[in-house]
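Asks: Next up is a structure, given as structure tokens.
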Amino acid sequence: QVQLVESGGGLVQPGGSLRLSCAASTNIFTTYVMGWFRQAPGKQREVVATISSIGSTNYVNSVKGRFSISRDNDKKTVYLQMNSLKPEDTAVYYCYAGSSTENSWGPGTQVTVSS
């Protein structure tokens, strides 16, 4: 399986920004669909954003216009730029890599939006 390591989480005030990064350990990074999921306390894990191998993106409605997912295939890294953060964005954010044969998850990084 692909090993994924997230970074960039932390505490931010409402209206602030954070950028999450996820480095993947695979030589076939370009073939994977990459994404970010999140799980808030007491809630189910939900998809936040995905990006295909050719760069097509999708977002959950609650983050459209505020979050942006991107990937750097040379660095084998996927990013999630989060702007205009709200308290309801507080969650553990998980990086995801998917193919036709496997799904992999990172250990997660905490994002807390609070004043």
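Asks: If we keep just the residues of region 3-37 that are closer than 28 Å to E88 by Cα and of a type in the set (S, T, N, Q), which is nearest to the chain's Cα centre (by Cα)?
Replies: That would be S21.
Asks: Within region 39-54, is even one residue farther than 21 Å from S115 by Cα, more than 15 Å from the chain's Cα centre (by Cα) and among the β-branched types (V, I, T)?
Replies: Yes, some residue in region 39-54 is farther than 21 Å from S115 by Cα, more than 15 Å from the chain's Cα centre (by Cα) and among the β-branched types (V, I, T).
Asks: Something else: Look at E46 and say whether it is without any contact (Cβ under 8 Å) to a residue 40 or more places away in the chain and within 14 Å of G108 (Cβ to Cβ). Walk me through how you get there before you give the answer.
Replies: Numbers: without any contact (Cβ under 8 Å) to a residue 40 or more places away in the chain: yes; within 14 Å of G108 (Cβ to Cβ): yes.
Yes.
Asks: Considering each of V63, V2 in turn, give the residue that is without any contact (Cβ under 8 Å) to a residue 40 or more places away in the chain, touching a helix residue (DSSP H, G or I) at 6+ places or on another chain (Cβ under 9 Å) and not small (G, A, S).
Replies: V63
Just so you know, all these numbers are worked out from the coordinates, no wet-lab data involved. Since we're looking at a predicted model, the values are computed, not measured. Note that we place each Cβ from the backbone using ideal geometry, even for glycine, and neighbour counts take in every protein chain shown.
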